[in-house]
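These notes concern the structure reproduced below.
The values are calculated or read from the model by the stated rules, or taken from the named source; none is laboratory data. Worth saying up front: this structure is predicted, and the values here are computed from it rather than measured. Neighbour counts are summed over all protein chains in view; Cβ atoms, including those assigned to glycine, are modelled from backbone coordinates with ideal geometry. Ligands, DNA and RNA are excluded from the accessible area calculation, which covers all protein heavy atoms including side chains. Shrake-Rupley method; radii C 1.70, N 1.55, O 1.52, S 1.80 Å.
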Amino acid sequence: MALLTDLNSKSLTGTEGKKHMAIRVGVIGTGTIGSDHVRRLTNDVVGASVGGVFDIADDRASQLASSVGARVYARWQDLVASDDIDAVVVASPGERHPDQTIACIEAGKPVLCEKPIATAMSEAVRVVEAEVAAGRRLAQVGFMRRYDAGYRSVKAAMTDGTIGEPLLAHAVHRNPAVPDSFQGEMSLTDSVVHEFDVFRWLFDNEIVSVLVLPVKQSPVGAAHLRDPQIIVVQLAGGEVVTIESFVNCRYGYDVRCEIVGSLGTVSLDNPRTTVVVGENGRQEHIPGDWRERFGPAYVSELQA
Ligand code: NAP
């Protein structure tokens, strides 16, 4: 709330006392999600505009910038330092996030850093320490599920007594496929990281242990990844979450969970759009990818 008030007052006066109506957001990284965020900030978010963009692929950045009337910066450091930029979205590859996010914090600018905050523990700690040194909350990680209507209903049922005392959860996180650039432990650090965040938030407790069990390898999955996997997460209150991660499930983007409480359960299903009944039986739509499934949540996240 303090952050919002800060930004609102800035949006009225501007950094040079100029009167302008929107918070001018700079976007670093204009690939898949960065360009989506630029379009959302331009078309869907109230009170914001895209002031500038940077990408090492400068032609990609230029094309996008011209489509929304934004400036292209030659270096991300110039974008962060610019008096024409009030807040920043970092949407570059994960290993770039710590330096870029820390630069925003040091410049006193609110920053929405796409997940993951970092790709190594020591780098994540560096970001947290920079924010502690700054003395106020300036950084938020792009965990958009907290803004998804379905997850918010689940959270409500967990906190209003509907299911009694929440005890455990089962989660499924399936992606149709991942690109070749998806390597090593990325199914944990880039995909399951959403589960790590959302169950901390849902149970309002920290994670105390994580166990990863490889499963029989899918014959049609990426051979270089251990896929699928089962992850068992234990939270500080003794709650346990079992997560199936399957990043090459082929058939669609399927994210669901069920929370088991002392008096009942609450389940998150795929949002139901249409159900077709015909000679092939009963068929319903499964989202094709994360952009479709969480589109509205990304808008709410940016708006907040
Ligand atoms: P992407 O399509 O590869 O886009 C990344 C962009 O950043 C590319 O244009 C890349 O250029 C550029 N880039 C590379 N180095 C850079 C640097 N030092 N500074 C600025 N830009 C640089 O990847 P993406 O799918 O958009 O993912 C970007 C980030 O968002 C990742 O951390 C990813 O985990 C996260 N993400 C989050 C969600 C979510 O649900 N919250 C969903 C998708 C992605 P080149 O192509 O020339 O390298």
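Scanning the stretch 267-295 for residues that are over 21 Å from residue 143 (Cα atoms) and surrounded by 15 or more Cβ atoms within 10 Å (Cβ to Cβ) gives a single hit, 286. Which residue pairs have Cβ atoms under 6 Å apart, sit 6 or more places apart or on different chains, and have a first residue in the stretch 125-148 that is within 27 Å of residue 255 (Cβ to Cβ) and open to solvent by less than 20 Å² (accessible area, probe 1.4 Å) and a second that is assigned to a helix (DSSP H, G or I) and among the small types (Gly, Ala, Ser)? Hits for this filter: 144/297; 148/297. Against the conditions (1) more than 17 Å from the chain's Cα centre (by Cα); (2) among the β-branched types (Val, Ile, Thr); (3) within 13 Å of the ligand (Cβ to nearest atom), residue 119 satisfies every one except (1).
Of all residues in the stretch 46-83, those being in a loop (DSSP other than H, G, I, E, B), surrounded by fewer than 21 Cβ atoms within 10 Å (Cβ to Cβ) and not small (Gly, Ala, Ser) number 4. Within the stretch 238-249, is even one residue more than 25 Å from residue 182 (Cα to Cα), in the same structural domain as residue 167 (by TED's automatic domain parsing) and surrounded by 13 or more Cβ atoms within 10 Å (Cβ to Cβ)? Taking every residue of the stretch 238-249 in turn, at least one turns out to be more than 25 Å from residue 182 (Cα to Cα), in the same structural domain as residue 167 (by TED's automatic domain parsing) and surrounded by 13 or more Cβ atoms within 10 Å (Cβ to Cβ). Is it the case that residue 298 is open to solvent by 70 Å² or more (accessible area, probe 1.4 Å), of a type outside the set (Gly, Ala, Ser) and either at pLDDT 95 or above or assigned to a loop (DSSP other than H, G, I, E, B) (or both)? Spelling it out, it is not the case that residue 298 is open to solvent by 70 Å² or more (accessible area, probe 1.4 Å), of a type outside the set (Gly, Ala, Ser) and either at pLDDT 95 or above or assigned to a loop (DSSP other than H, G, I, E, B) (or both).
One residue stands out among those in the stretch 20-38 that are of a type in the set (S, T, N, Q) and near the ligand (Cβ under 6 Å from one of its atoms): the one that is most open to solvent (accessible area, probe 1.4 Å), which is 32.
Taken over the stretch 120-169, the criterion of being hydrophobic (A, V, I, L, M, F, W, C), in a helix (DSSP H, G or I) and farther than 30 Å from residue 106 by Cα is satisfied by 149, 154, 156, 157, 158. Checked against the criterion of being in a loop (DSSP other than H, G, I, E, B), in the same structural domain as residue 47 (by TED's automatic domain parsing) and over 25 Å from residue 287 (Cβ atoms), the candidates 102, 117 yield just one match: 117.
Does residue 200 meet the test of being surrounded by 16 or more Cβ atoms within 10 Å (Cβ to Cβ), in contact with a Gly (Cβ under 8 Å, 6 or more places away or on another chain) and of a type in the set (Lys, Arg)? No: the conditions fail for residue 200. Across the stretch 48-64, the number of residues qualifying as closer than 24 Å to residue 109 by Cα and more than 9 Å from the ligand (Cβ to nearest atom) comes to 9. In the stretch 275-290, the residues that are within 16 Å of the ligand (Cβ to nearest atom) reach residues that are assigned to a loop (DSSP other than H, G, I, E, B) and at pLDDT 95 or above with C-beta atoms within less than 6 angstrom, at least six apart or across chains, in these pairs: 287/253; 289/253; 290/253. Against the test of being in contact with an Asp or Glu (Cβ under 9 Å, 6 or more places away or on another chain) and β-branched (Val, Ile, Thr), the options 141, 125, 111, 88 yield a single qualifying residue, 141. Look at residue 106 and say whether it is under 26 Å from residue 52 (Cβ atoms) and acidic (Asp, Glu). Taking the combined requirement at face value, the residue satisfies it. Summed over the stretch 84-99, the residues that are open to solvent by 10 Å² or more (accessible area, probe 1.4 Å) and either within 8 Å of the ligand (Cβ to nearest atom) or polar (S, T, N, Q) (or both) give a count of 5. Inspection of the stretch 180-195 identifies no residue that is away from the ligand (no atom under 16 Å from the Cβ), of a type in the set (Ser, Thr, Tyr) and open to solvent by 50 Å² or more (accessible area, probe 1.4 Å).
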